[in-house]
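The values are calculated or read from the model by the stated rules, or taken from the named source; none is laboratory data. A quick note: this is a predicted structure, and the numbers were derived from the prediction, not measured. All Cβ positions, even for glycine, are placed from backbone atoms using ideal geometry, and neighbour counts span all protein chains on display. SASA here: full protein model, heavy atoms, side chains in, ligands and nucleic acids out. Shrake-Rupley method; radii C 1.70, N 1.55, O 1.52, S 1.80 Å.
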Amino acid sequence: MQRLSVLFPTPNGCYDYQTELDLKIGQFVYAPFGKKKVVGVVWPKEPDLSVPEHKLKTIVEVLDIPPLPTETIQFTEWVSGYTLSPLGMVLKMALVSDLEKQS
């Protein structure tokens with residue numbers, strides 16, 4: 001079982017999940033978040049090993065879309081630090097911007 005961090009486009013930070021899937025940084029996944037399933041991104045943050053494994057939720061599905069490029073992940077983290085904005089909200093802006101470029 002693999003433990004990893006997932007970032008959602010919300011004001012909250014990363015959350016730790018478990019999976020038996022072979023996931024890479026930047027992949028888009030569906031994961032339980034509260035009472036619903038939400039799209040998130042596998043994020044390059046070390047999971048909190050103090051959280052017991054039985055308390056971790058499991059990733060539901062991997063989306064069949066290209067992963068977020070490393071440059072976008074690094075830029076998102078830089079913008080978050082520079083502007084003191086929540087990382088998830090910067091991710092949300094980056095995703096909207098990326099979608100506009102593709103359409």
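Numerical summary
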item	result
For G81: the one exception among (1) in a helix (DSSP H, G or I); (2) out of contact with any helix residue (DSSP H, G or I) (no Cβ under 7 Å at 6 or more places or on another chain); (3) open to solvent by less than 20 Å² (accessible area, probe 1.4 Å)	(3)
Lone qualifier among D22, D16, D64 - being in contact with a Lys or Arg (Cβ under 7 Å, 6 or more places away or on another chain), among the acidic types (D, E) and without any contact (Cβ under 8 Å) to a residue 60 or more places away in the chain	D16
Filter result for E53 (touching a residue at least 12 places away in the same chain (Cβ under 8 Å) and either over 25 Å from M93 (Cβ atoms) or open to solvent by less than 90 Å² (accessible area, probe 1.4 Å) (or both))	yes
F33 vs. criteria open to solvent by 40 Å² or more (accessible area, probe 1.4 Å) and free of Cβ contacts under 8 Å to residues at least 24 places away in the same chain	no
Residue that is over 17 Å from Q2 (Cβ atoms), open to solvent by less than 90 Å² (accessible area, probe 1.4 Å) and in a loop (DSSP other than H, G, I, E, B), where the choices are I73, I65	I65
Selection from region 1-25 of residues that are under 20 Å from S85 (Cβ atoms) and assigned to a loop (DSSP other than H, G, I, E, B)	F8, P9, T10, P11, N12, G13, C14
Failed item in (1) part of a strand (DSSP E or B); (2) under 12 Å from L7 (Cβ atoms), with K37 passing the rest	(2)
